[in-house]
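Trainee: Below you will find the structure I want to go over with you.
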Amino acid sequence: MVWGFVTCGPNEVLVISGCCHSKPLLVPGGRTFVWPFVQQVQELPLKTMTLQVESPKVYTNQGVPISVTGIAQVKIQGQNEEMLLNACEQFLGKPSIREIERVALETLEGHQRAIMGSMTVEEIYKDRKKFSKNVYEVASADLMNMGITVISYTLRDIRDDNGYLQALGMARTAEVKRDARIGEAEAQRDSTIKEAIAEEERMAAKYSNDTEIAKAKRDFELKKAAYDLEVNTKKAEAELAYALQVAKTKQRIVEEQMQIKVVERQQEISIQEQEIQRKQKELDAVIRRPAEAEKYRLEKIAEAHRNRVILEAEAESEAIRIKGDAEAFSLEAKGKAEAEKLARKAEAYKLYKDAAVTEMLLEALPKIAAEVAAPLTQAKRINMISTGGEIGAARLTTEILETVLRMPQLVSTITGVDISKSVGRSA
């Protein structure tokens, strides 16, 4: 038991019968839902069936037995509901599609035999289209009642076992041959007559044509000579004109080349002027402007430096003046102090006389001895040569002391003060 959704192909039709349907539901090439136990679904094929309809040894209207083979394409009509219901009544429950083909084949064969019996052999042989049309129309009416449509019917073959068709063909062939021979003789006669007339016309036409050809040739030669003269004249003129045009063209080319050179030169000059302007602008931008800027900067720096130097000079001058005033005041004060000191020393010297001088000399002697010995302290190496007596450091000390002892005599020579006597008196 099939139930649920049931589908079929485009060349089939579903037939659902049972509950909810007063007549069978037809679903060609689709799907439908089938209720179990209360509905039944069956399939009916809609594909085209090709049938070979054989009618052997059927007597025609003249009593001549012939055999005919026809080809027919039939199918169950799925678009017409009435025909489809007729097909369901006729073929549902049949074992297979072979049963449908058998019924359609038998029906077509019966109608084909009936049509053969109503026509002569000549009619069937000569007018096959009429025979096919008669079979198609008669069979379609009966098959339509069973829901079957005849798509096409064609007579494929006619044959007989008694040689009737062959004899019919022979008689017809003889007639055709006779007519052909008569037609050939008449054609040859007409052809000969027409050939003679045509030959006469041809010769007349030929002579006339030759005359016309001669005239045309003469006219052609005359015109050709005139044309050749004209052509040669034109050709010479054309060659001269061509040469002249070539010269003019060359001249224009030279002029154009010169013009191009002039334009190129002008362009070069323009480019050079633009390059000079660019160089000047580049010089202004790279050298002159930076130089002017640097000059301006240096001028400002120099001006600032000059102002700074002037201010520094003025400040230094003021400082020197103030320092000079201070030094002058200091020197004045120091001079006054020194003068006062010297005045006091002079007064002291007046009081002490030789004793003061002696004291001063005694204070200066150690300094004199240090100054005398200073060169010796700077010497790295001393070579002493002795002819006898002391040698070494003692000799050096002795010479330094002797130099110091000569100092009173030197002072006495310079100042006139005898230090030895003064020291003696002080003691």
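Computed from the coordinates by the stated procedures, all read-outs in this text should not be read as laboratory data. The shown structure was predicted, so the numbers you read here are calculated from the model rather than taken from an experiment. Glycine also receives a Cβ, built like all others from the backbone with ideal geometry; neighbour counts cover every protein chain displayed.
Trainee: Please report how far the C-alpha centroid of segment 58-84 lies from that of segment 101-168, rounded to the nearest whole angstrom.
Mentor: 6
Trainee: From the square roots a ≥ b ≥ c of the eigenvalues of the alpha-carbon gyration tensor of segment 133-258, which class results: rounded (a/c under 1.5), prolate (a/b over b/c), or oblate? It would help to have the intermediate numbers written out before the result.
Mentor: Numbers: a/c = 7.44, a/b = 1.98, b/c = 3.77.
Oblate.
Trainee: Excluding residue 113 itself, what net charge comes from residues whose Cβ is under 12 Å from its Cβ, given Lys and Arg +1 and Asp and Glu -1? Show your work: numbers first, answer last.
Mentor: Working: positive: 57; negative: 54, 106, 109.
Here the count lands on -2.
Trainee: Please list 3J(HN,Hα) in residue order for segment 225-231, calculated via the Karplus relation 6.51 cos²θ - 1.76 cosθ + 1.60 where θ = phi - 60°; whole Hz, with x for glycine and proline.
Mentor: Taking θ as phi minus 60°, the curve returns 4, 5, 5, 5, 4, 5, 5 Hz for segment 225-231.
Trainee: Counting other C-beta atoms within 10 Å, which of 99, 237 has the fewest, and how do the rest follow? Before the final figure, lay out each step's value.
Mentor: Details: 99 13, 237 10.
Sorted ascending by nearby Cβ count, the order is 237, 99.
Trainee: Moving to a separate point now. Near residue 249, within a Cβ-to-Cβ distance under 14 Å, what is the net charge of the other residues, with Lys and Arg +1 and Asp and Glu -1? Can you show the working numbers first?
Mentor: Values: positive: 248, 250, 252; negative: 255, 256.
My count for the surroundings of residue 249 gives +1.
Trainee: OK, next. Once you have a ≥ b ≥ c as the square roots of the Cα gyration tensor eigenvalues for segment 68-214, tell me rounded if a/c is under 1.5, and otherwise prolate or oblate according to whether a/b is larger than b/c.
Mentor: prolate
Trainee: Further question: By how many nm would the segment from residue 145 to residue 85 lengthen if fully extended, with 0.36 nm per residue of separation less the alpha-carbon distance?
Mentor: Values: separation 60, 0.36 × 60 = 21.60 nm, distance 1.01 nm.
Length gained between residue 145 and residue 85: 20.6 nm.
Trainee: With a sphere of radius 13 Å drawn around the Cβ of residue 213, what net charge do the other residues whose Cβ falls strictly inside it have (Lys, Arg +1; Asp, Glu -1)?
Mentor: Numbers: positive: 206, 215, 217, 218; negative: 210, 212, 219, 221.
With Lys, Arg at +1 and Asp, Glu at -1, the net is 0.
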